[in-house]
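Below is one structure, written out as structure tokens, with a few remarks after it.
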Amino acid sequence: MSASTETRVPEAAKRTTAGWSQSLHDWVTTVDHKRLGILYIAAGFFFLVIGGVEAILMRAQLAVPANTLLEPQEFNRLFTMHGTTMVFLVGMPIITGFGNYLIPLMIGARDMAFPRLNAWGFWMFLLGGIVLYMSYFASMGLYGAGTAPDVGWFAYAPLAGKAFSRGNATDYWILGILISGFGSVSGAINMVTTTLTMRCPGMKMNRLPLFVWMMLVVSFLILLALPVLTGAQVMLLFDRFMGAHFFDTQAGGDAVLWQHFFWFFGHPEVYILMIPGFAYASEIIPVFSRKVIFGYSFMVAATIAIGLVAVGVWAHHMFTVGLGKGLSVWFAVMTMIVGIPTGIKLFNWIATLYGGKILLRTPMLFCIGFIGQFLVAGLSGILLSGAPLNWQLSDSYFVVAHFHYVLIGGLVFTIFGACYYWFPKMTGRMLSERLGRWHFWLFFVGFHLTFTTMHVQGVLGMPRRIYTYPAERGWEVWNAISSSGAILQALGVAVFLFALVQAFRRPQWAGPDPWNAWTLEWSTSSPPPAYNFLTIPEVRSRRPLWDLKHPDDPDWEHE
Amino acid sequence: MSSSRHRERRFGKRARPQARARASRAFLGLLAGQGVAQADAGGGTPSLFLPVAEPAQSILDYGTLLVLICAVIFVVVMGLLALTVVRFRASAVDDGEEPPQIYGSDQLELAWTVVPVLIVIVLGLITAGRIVALQKDTPPAGSLAVRVVGHQWWWELEYPDHGFVTANELHLPLGQVAFLELESEDVIHSFWLPQLSGKLDVIPNRTNTMWIEPQKTGMFVGQCAEYCGTQHANMLLRVFVHAPEDFERWVRDQQQEARRVAAHAEGRALFATTACVNCHTVRGLSEIGSFGPDLTHLMSRTTLAAGAAVNDEARLVDWLTDPDHIKPGARMPAMKLSDAQIARLAGYLSSLE
């Protein structure tokens, strides 16, 4: 598989002669799923940089004990904004962006089912992000208390109530997330409808690329989980402005109720963010192993199983609230059950690798890193699901390590893999393989320096969300290592951004199918025309391009 | 935190060499249970690998079993992954041939479904057993009752059977089960002493209960584990485990009313006539204040402001002058007293042994 032997400048890439304002107008008014997908991803990376800067400030503060770089409230705002940003303004738009871009192309459609709703969703998401960050400028409020919210990304009651969170910062948090939630929900409606109704001839459900299957499950989870968060946030607004007392403990409200509502959203949200990572890996790993995915139907079944179990495990975030024996046992065992379908996936990926011709190109490096890191994340998840051990580890740095292994080691690694893999399709240009390797190794080493060590801080008794810690707790060395890793991760991301710039300054044209891949998006030009396909394709198997390339041994004879 | 930390220690310049020296000592494990002279000295690492009480010991035993099982899974799967990637890496020379396409295997799928199911059944049964064994809903016979009330950002500790209240430093007798009732005055906190017990949230409008059976004397540290606002980081906890006769002596001392020292009569009068008494109780002087910590035996405690500073007269002066200097955002207001008044007040407070 040669990366790029193309010398022709693709047609679509030539159409850049339009003026600056015309081009801006085209992007702002677009209803094209591909442009909206790119807008989602670009906005996600914009917020990733902001969230990353927030993380680096926190790691600078914690690099040494008793540091006074940041005031306590500054630190508390940073971790609130970092968590909120990374979940709602980075994870959500990027997964929605890839879904938007790829689902119609993969199922042989010309656009999403509701193009205007699609555009509305994106702009609502962006508005939500802007509202959240407006808090830094606009939330001084009546009492002069505030600027950015400092209640933590899960805004526990009653800390987020009017009595303990004065000013309007928390209201910006509520409204920002609430508005961006409209984007996620409309995107999910769109993806479900598109997948169910707009498949090309021959694209039966059991021939859908795994990416599309997994995004379908994700979309259902979004539809189930996000409205619960929105509802709870509206209740919190009622508490704060209309004299309601749902979560107001001073008037008999219930603090634990908020936790149930929040985590009924919050745990499915983990899978909403993680399953897209599985989706990218399930497309990339077969192509770079030169083998068909092992156990397609078991992968689909495992994804659905994860989606089902995902809605029955939320209170494992609450083992320390005093659930009582019955609920503790239920949620511990339900959580352990999640390990079964995720284990099936891990084994199927490894079985796909087994016997293949493994090409360690940049997308594949990120995916193999992902498999190993996701294994660790899963196992630390098993440890946390053991309620008695959770009484020790919950709310400690061990948990911080665990969920960063899931969301960075799992999701962000696969997102980077997906960027290297699909960037040629989106732009017609390759990303530099050399820079890609630098990016991978810097980010990989930095990630492990920062987050592998955090398991240690956790078992040494360091709670999360503390802006300072006394010396002589035995935490100093580990925190110093964690902080140093953050620098390498930042460098890795900088190399990636540089590679993006370089792809435009010194283009290396990709051609329609640079990876010799098998799904429909590679059958059209790179970037695809606005209408995607000149003629709607017709497929007979899960790998239509394999069938084309191997007419002697097509897939449909084996499925 | 030193009183001069604001300017000199910006960007942690001065903290670094000390930090390094301390870190190496901590590494050697020399600090466990030693030294109580300084706020930021002693107590050592609150590692959950160094349990000194039940249920921390049982939790560690259970956790070790879990870790071992997970370690075996890790080695097997990571080994498979590594071997596969090394063994099947494409050779540098591409022959253009695709490898054999293998679409799946029902037997293999069955195997890697059934084995995890069995592991989950075993883990689930063990976990259920441990959950039931380690939670006690009612106080065991002969246990010591302690009521813990979380405040922003300090701990109120009441010994209802002995009739006194203290703060931030929990004293327990060796070998006797302590049964703790956890309540909150404001937001959610979490009570965590890693070497003695797992954590349990301290939730307004609820009473949670936990138990501790200390098995070793000494001083051990912990802190609030649920984010509770600005000074969550400085809501530290200390527990002193005494031999039973030492504990009895400590209880008798705490039960006394506050000392009256003639030399501090002026400071005492100042305390009684300013806003101090609105928040703080000193038994024998004024018992109306309940918003701040009980100061009856203030000097029997090693730290100020829930562990933010060493408890001595110099720090008391600093604290009374500007609480934000020691603990930015603390609920204690600066009382705007003159230096002379503060000196008298600090003198009186430091007589409250």
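The values are calculated or read from the model by the stated rules, or taken from the named source; none is laboratory data. What you see is a predicted model, and the numbers here were worked out from it, not measured in a lab. Cβ coordinates were reconstructed from backbone atoms using ideal geometry, including for glycine residues, and neighbour counts include every protein chain displayed.
Odds and ends about this structure:
- Any hit, segment B:115-126, residues being touching a residue at least 40 places away in the same chain (Cβ under 8 Å) and facing another protein chain (nearest Cβ under 7 Å): yes
- Test: residue in segment A:446-461 that is within 14 Å of chain B (Cβ to nearest Cβ), crowded, with 24+ Cβ neighbours inside 10 Å and not polar (S, T, N, Q): yes
- Matching residues, segment A:15-65, being touching a Lys or Arg at 6+ places or on another chain (Cβ under 7 Å) and either buried (at least 19 other Cβ atoms within 10 Å of the Cβ) or free of Cβ contacts under 8 Å to residues at least 24 places away in the same chain (or both): A:TRP27, A:VAL64
- One residue stands out in segment B:297-353 among those that are of a type in the set (Val, Ile, Thr) and free of Cβ contacts under 8 Å to residues at least 40 places away in the same chain: the one that is nearest to B:ASN168 (Cα to Cα), namely B:VAL317.
- Output for segment A:303-334, where each listed residue is at the interface with another protein chain (Cβ under 9 Å from one of its Cβ atoms) and among the aliphatic types (A, V, I, L, M): A:MET318, A:VAL321, A:VAL329, A:ALA332, A:VAL333
- Within segment B:187-227, restricting attention to residues that are β-branched (Val, Ile, Thr) and assigned to a strand (DSSP E or B), the residue that is farthest from B:GLY307 (Cα to Cα) is B:THR209.
- Against the list (1) within 14 Å of chain B (Cβ to nearest Cβ); (2) under 21 Å from A:SER186 (Cβ atoms), the condition A:LEU223 fails is (1).
- Identity of the residue in segment A:462-479, within 19 Å of A:ASN390 (Cα to Cα) and charged (D, E, K, R), that ends up farthest from the other protein chains (Cβ to nearest Cβ): A:ARG464
- Matching entry among B:HIS171, B:HIS189 (being in contact (Cβ under 8 Å) with a residue 60 or more places away in the chain and over 10 Å from the mean Cα position of the chain (by Cα)): B:HIS171
- Residue within segment A:518-537 that is on the phi < 0 side of the Ramachandran plot, surrounded by 19 or more Cβ atoms within 10 Å (Cβ to Cβ), touching a residue at least 12 places away in the same chain (Cβ under 8 Å) and within 14 Å of chain B (Cβ to nearest Cβ) present: yes
- In segment B:195-204, the residues that are facing chain A (nearest Cβ under 7 Å) and either aliphatic (A, V, I, L, M) or without any contact (Cβ under 8 Å) to a residue 12 or more places away in the chain (or both): B:LEU200, B:ILE203
- Looking across segment B:156-186, just one residue is β-branched (Val, Ile, Thr), part of a strand (DSSP E or B) and out of contact with any helix residue (DSSP H, G or I) (no Cβ under 7 Å at 6 or more places or on another chain), and that is B:VAL165.
- Tallying residues that are in a helix (DSSP H, G or I) and at the interface with chain B (Cβ under 7 Å from one of its Cβ atoms) within segment A:335-375 yields 15.
- Qualifying residue in segment A:190-200 (condition: in contact (Cβ under 8 Å) with a residue 12 or more places away in the chain, within 30 Å of A:LEU353 (Cβ to Cβ) and of a type in the set (A, V, I, L, M)): yes
- Residue check, B:PHE74 hydrophobic (A, V, I, L, M, F, W, C), surrounded by fewer than 19 Cβ atoms within 10 Å (Cβ to Cβ) and modelled with pLDDT of 95 or more: yes
- Selected residue [more than 7 Å from chain A (Cβ to nearest Cβ), at positive phi, outside any strand (DSSP E or B) and over 22 Å from the mean Cα position of the chain (by Cα)] from B:GLY142, B:GLY104, B:GLY79: B:GLY142
- Positions within segment A:462-477 being surrounded by 20 or more Cβ atoms within 10 Å (Cβ to Cβ), outside any strand (DSSP E or B) and on the phi < 0 side of the Ramachandran plot, in sequence order: A:MET462, A:ARG464, A:ILE466, A:TYR467, A:THR468, A:TYR469, A:PRO470, A:ALA471, A:ARG473, A:TRP475, A:GLU476
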